[in-house]
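Worksheet: one structure, shown below.
The values are calculated or read from the model by the stated rules, or taken from the named source; none is laboratory data. What you are looking at is a predicted structure, and each value in this text was computed from that prediction instead of being measured. Quick reminder, even Gly has a Cβ in these numbers, built from the backbone with ideal geometry, and neighbours come from all protein chains shown.
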Amino acid sequence: MVLHLIKLSVGPTCIEDLENRQSRQRNEALHAGRDPAPFHTTRMLPKRHAEIAGRGSIYWVIKGTLSCRQAITAIEPHTGTDGIGRCRLVLDRTIVPVAPRSYRPFQGWRYLDAKDAPRDLDQATAGDLAEMPETLRRELVSLGLL
């Protein structure tokens, strides 16, 4: 069974901001001689990590809208320099826009069954949706029209 995570993207206001943040992270890693793969660090290891790593994705909620996803290639528990245990979600470089969906704020992450996951935007049933600017898609979702 494939399982995904849903996570709030704190800071970025659009998919492009998320891409830019990860690009900066990649450049800093390359400069420091570290692995340039994008990652997200979280405090807790997902209990169902075996159902996610290498098969699932992280679905990003940006400004109240489930907007895009990235495949999770690995889940690595590690200890920070402060001695506190953390978890690194290693991500694929490709950020894939998905059919937008309104999502309320929450803390941590939420699990998402594959059967409930939104389709990738290029596969969404509404053909013109992929051509629409992200800000317009987000506005239509907020109005309940998508």
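Brief remarks follow.
- Here the condition is being small (Gly, Ala, Ser), more than 25 Å from PHE39 (Cα to Cα) and either surrounded by 12 or more Cβ atoms within 10 Å (Cβ to Cβ) or touching a strand residue (DSSP E or B) at 6+ places or on another chain (Cβ under 8 Å) (or both); of SER57, SER67, SER142, SER102, it holds for SER142 alone.
- Residue match in segment 37-52 (condition: over 28 Å from ASP122 (Cβ atoms), without any contact (Cβ under 8 Å) to a residue 12 or more places away in the chain and among the hydroxyl-bearing types (Ser, Thr, Tyr)): no
- Residue in segment 10-45 that is nearest to ASP92 (Cα to Cα), counting only those that are assigned to a helix (DSSP H, G or I) and among the acidic types (Asp, Glu): GLU19
- Residue in segment 18-30 that is on the phi > 0 side of the Ramachandran plot and either over 13 Å from the mean Cα position of the chain (by Cα) or surrounded by 14 or more Cβ atoms within 10 Å (Cβ to Cβ) (or both) present: no
- Against the list (1) of a type in the set (D, E, K, R); (2) within 30 Å of PRO133 (Cβ to Cβ); (3) at pLDDT below 90, the condition GLU28 fails is (3).
Matching residues to (1) within 21 Å of LYS63 (Cα to Cα); (2) at pLDDT 90 or above:
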residue	(1), (2)
GLY80	no, no
PRO97	yes, yes
THR135	yes, no
LEU140	yes, no
LEU145	yes, no
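- Failed condition for CYS87, given (1) surrounded by fewer than 20 Cβ atoms within 10 Å (Cβ to Cβ); (2) among the hydrophobic types (A, V, I, L, M, F, W, C); (3) farther than 21 Å from ASP116 by Cα; (4) modelled with pLDDT of 95 or more: (4)
- Matching entry among ARG119, ARG69 (being at pLDDT 95 or above and of a type outside the set (A, V, I, L, M, F, W, C)): ARG69
- So ILE58, is it outside any loop (DSSP other than H, G, I, E, B) and either touching a residue at least 40 places away in the same chain (Cβ under 8 Å) or at positive phi (or both): yes
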